[in-house]
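We did not get these values from a lab; they are worked out from the coordinates using the rules stated. These numbers were taken from a predicted model, which means no experiment stands behind them. Using ideal geometry, Cβ is built from the backbone for each residue, glycine included, and neighbour counts are taken over all protein chains shown.
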Amino acid sequence: MELDEERRRHAETTKILRKKERQVKEIIIQGEEDHKNVSLLQDSVEKLTQKLNVYKRQLQEQVNSLLFFSILLIRTSLKSLLI
């Protein structure tokens, strides 16, 4: 009787252990997936940051060009007024 009770407890403990092992395995797999996703997102952020920097540089070049041509236009207009 006592032996049967001990066997039953052992079987229940073994069942719980297997369940916990599966849960740990699932958590490890999820952690690995999360790590992979973080790496992919970091790569995306880096690429987008590079694109943003290119756009900023292009915008600054356009602003500089507009300023340059505005100054030329003003000079030309002033010269024509003085003549």
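Computed values, structure above
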quantity: Number of Lys pairs (Cα under 27 Å; 8 or more positions apart or on different chains) in the chain; calculated: 7
quantity: Stretch gain in nm, segment I74-L59, where the contour uses 0.36 nm per residue and the Cα spacing is subtracted; calculated: 3.2 nm
quantity: Overall dimensions of the chain as given by Cα atoms, namely Rg and Dmax in Å; calculated: 35.5, 121
quantity: Top positive-direction residue, dipole computed over the range 27-80 with Cβ charges, set V63, S77, I27; calculated: S77
quantity: The chain: angle of helix 2-82 to the longest principal axis, Cα-based, in degrees nearest 10; calculated: 0 degrees
quantity: Chymotrypsin sites (Phe, Trp or Tyr not before Pro) within the chain: DSSP coil, no more than 12 neighbouring Cβ in 10 Å; calculated: none
quantity: FRET efficiency, 1/(1 + (r/R0)^6) with R0 35 Å, evaluated for I29 and Q50 via beta carbons; calculated: 0.60
quantity: Pairwise FRET efficiency - K19 versus Q42, Cβ, R0 = 25 Å, nearest 0.05; calculated: 0.10
